[in-house]
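The structure appears below as structure tokens.
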Amino acid sequence: MNETSWLAAKGKAEGHLAKANESKDEAKDAESKSLPKEYNQARPIADDRGLGVVRIKPLGAGGGGTEKSAVDANEGDADLVLDVSASGIAVDGKSFSYPSYVITPDMDQQALFDEFMPERIKGFLEGYNVNIMVYGQTGSGKTHTMFGPPGIMGRTAAGEYGVDVCEDYGLFPRGLLEIFARVQGLQSDGSGISYVLTASAVELSLLGNEDMMTKTAETKTNASWINGVALDKAAKPPRLFGMKILTLDQPDDLLKIFAAIATRNTAGTVMNDSSSRSYCFAFLTLHVHDPSMDTVRTSRFQFVDLAGNERMTDAHGKDKAMTWSNGNMEVVSGLMTNYSLMMLSSFVRALVSARKRQKKKGGKLNFSFRTYLFDLVILLQESMIGSALAAIFVCVSQAPANAQTSKFSLEFGQVFSQLEIKKKPVPSESRAKLVKSVRKALAESEAKLGIGKGGGSGGSSREKSTGKFVILRQALVRDGRHMLE
């Protein structure tokens, strides 16, 4: 869906809002149409505003899947819409007062970016790690918010929009263009400080961790046992390694990362014609070298489009062939997605409870991360403990058929909003010490793999080259060589 159709749906949504409120008294009608200015006024990141953001999808936008319930229903039915007021948001009879910001359907992509991204981009350039995420049910507008409408990354990669901002762009492409321009400006400011901006993209799915830079739009597959994208749990913060990392030197390099995002796995379901079947992580990493002190500072901007939570009957209907017992991979993928999201929610709830106990009793935080050693949870760990500048956008649909799932999404957002942001700048490291450490790790991995000075490997058989620890070593070699370049 392009921006024009999104705005058209937004207009229809506003019409529904007006009709639904005609029977209410004038005071409540005025309150529900828009939030007071002071409710949504800009505040510093330290106020945790980014941890309580709800975005409402225009009524019937997209028109497919369960959004049809919005199109088919009577326009005067007051139950069609979420009830937004100065006190918060209500759905399916339950009210939520936690949102620090409710993004109503009349806020377009540019306005959304202007409201939340400038301070986070500034923080990233100043040496803070940043995580932004979109969460919600399948078809609620997560990918639209993060990247834009279906197909836009492919069209961008083909050069349709050049390297200018397109009105359809979501947070990631707008952020990438802005950050790239800012870094280019810093490079030429005459300070002598050098900047290296890199990008990578990885899918976390039932198939494993897939490097999107090495996939193609035609095959849209490349098993993780070939790519060897692995998670370094000991790193601070935990990070993936082994994927292709693209240095962004020229404007055309941006098109390559857009092409990678375009390879994301999607599938049609009853709920959504183009449902994301994976967690998509897009990483921007900024290395800053200060020659006066010979130090390197590395900050990371992590853009995360979480897979949609969904009820199996809603997503796949009552087709007997579409069951996990029949080995249907779409159903199995959906079940695994729901399970990992449940673990993420459990982690957040447990951490919030532990912090409350700590504040009440004093002392150290009594909480074990080992119970939640899932790649998804570990990669989002900084957002949970508050050391990164974080924002999570909970996307919800107004369609009547989605009311229950929208309530579940808002409940998750409510728990997440209780976390805290205690932003910590990334410390600089001695460049010489860093290079020595990387060279040592690289030499060790190359020796274990039997790689000589010519770069050849001692093992060529598929069985020998795909063992678990061999793959990890190969990933370490790729990662080490990139860092030294």
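The residues in segment 436-455 that are among the β-branched types (Val, Ile, Thr) and either touching a strand residue (DSSP E or B) at 6+ places or on another chain (Cβ under 7 Å) or loosely packed, with under 14 Cβ neighbours inside 10 Å (or both) can be counted, and the count is 0.
Considering only segment 341-381, state which residues are polar (S, T, N, Q) and out of contact with any Lys or Arg (no Cβ under 9 Å at 6 or more places or on another chain). Residues satisfying the conditions are Ser345, Ser346, Ser353, Ser368, Thr371, Gln381.
From the list Gly175, Gly192, which one is closer than 25 Å to Leu379 by Cα, touching a residue at least 40 places away in the same chain (Cβ under 8 Å) and not hydrophobic (A, V, I, L, M, F, W, C)? It is Gly175. Return yes or no: is Ser274 at pLDDT below 55 and in contact with a Pro (Cβ under 6 Å, 6 or more places away or on another chain)? In short, yes.
Does Ser409 satisfy being under 17 Å from Ser140 (Cα atoms) and open to solvent by less than 20 Å² (accessible area, probe 1.4 Å)? Yes: the conditions hold for Ser409. Of all residues in segment 388-412, those being more than 30 Å from Thr298 (Cα to Cα) and not hydroxyl-bearing (Ser, Thr, Tyr) number 14. Might you check whether a residue that is over 29 Å from Phe416 (Cα atoms), more than 25 Å from the chain's Cα centre (by Cα), surrounded by fewer than 18 Cβ atoms within 10 Å (Cβ to Cβ) and modelled with pLDDT under 90 occurs anywhere in segment 283-297? The answer is no, given that none of the residues of segment 283-297 is over 29 Å from Phe416 (Cα atoms), more than 25 Å from the chain's Cα centre (by Cα), surrounded by fewer than 18 Cβ atoms within 10 Å (Cβ to Cβ) and modelled with pLDDT under 90. On the given criteria, is Arg174 open to solvent by less than 60 Å² (accessible area, probe 1.4 Å), modelled with pLDDT of 85 or more and charged (D, E, K, R)? Answer is yes for this residue. The number of residues in segment 419-428 that are out of contact with any Asp or Glu (no Cβ under 9 Å at 6 or more places or on another chain) and surrounded by fewer than 14 Cβ atoms within 10 Å (Cβ to Cβ) comes to 2. Of the residues making up segment 90-100, those that are modelled with pLDDT of 85 or more, surrounded by 14 or more Cβ atoms within 10 Å (Cβ to Cβ) and over 12 Å from Gly413 (Cα atoms) are Ala90, Val91. For residues that are of a type in the set (S, T, N, Q) and open to solvent by less than 60 Å² (accessible area, probe 1.4 Å), tally how many sit in segment 369-385. Going through segment 369-385 one residue at a time, the tally reaches 2.
Among all residues of segment 376-386, there is at least one that is of a type in the set (S, T, N, Q) and within 16 Å of the chain's Cα centre (by Cα).
Within segment 350-364, the residues that satisfy the criterion of being open to solvent by less than 60 Å² (accessible area, probe 1.4 Å) and either farther than 14 Å from Ser417 by Cα or of a type in the set (A, V, I, L, M, F, W, C) (or both) are Ala350, Leu351, Val352, Ala354, Gln358, Gly362. Here is the figure for segment 387-417: residues that are aliphatic (A, V, I, L, M) and more than 18 Å from Leu171 (Cα to Cα) total 5.
Do we find a residue being modelled with pLDDT of 90 or more and more than 15 Å from the chain's Cα centre (by Cα) anywhere in segment 129-139? No, segment 129-139 contains no residue that is modelled with pLDDT of 90 or more and more than 15 Å from the chain's Cα centre (by Cα). Among the residues of segment 384-405, those that are among the hydrophobic types (A, V, I, L, M, F, W, C) and in contact with a strand residue (DSSP E or B) (Cβ under 9 Å, 6 or more places away or on another chain) comprise Met384, Ala388, Leu389, Ala390, Ala391, Ile392, Phe393, Val394, Cys395, Val396, Ala403. Counting only residues that are touching a Leu at 6+ places or on another chain (Cβ under 6 Å), closer than 26 Å to Ala403 by Cβ and open to solvent by 10 Å² or more (accessible area, probe 1.4 Å), segment 109-157 holds 1 of them.
The values are calculated or read from the model by the stated rules, or taken from the named source; none is laboratory data. Please read all numbers here as calculations on a predicted model, not as lab measurements. A quick note on method: Cβ atoms are made from the backbone with ideal geometry, for glycine too, and the neighbour counts reach across all protein chains shown. These accessible areas exclude ligands, DNA and RNA; they are computed on the full protein's heavy atoms, side chains included. Shrake-Rupley method; radii C 1.70, N 1.55, O 1.52, S 1.80 Å.
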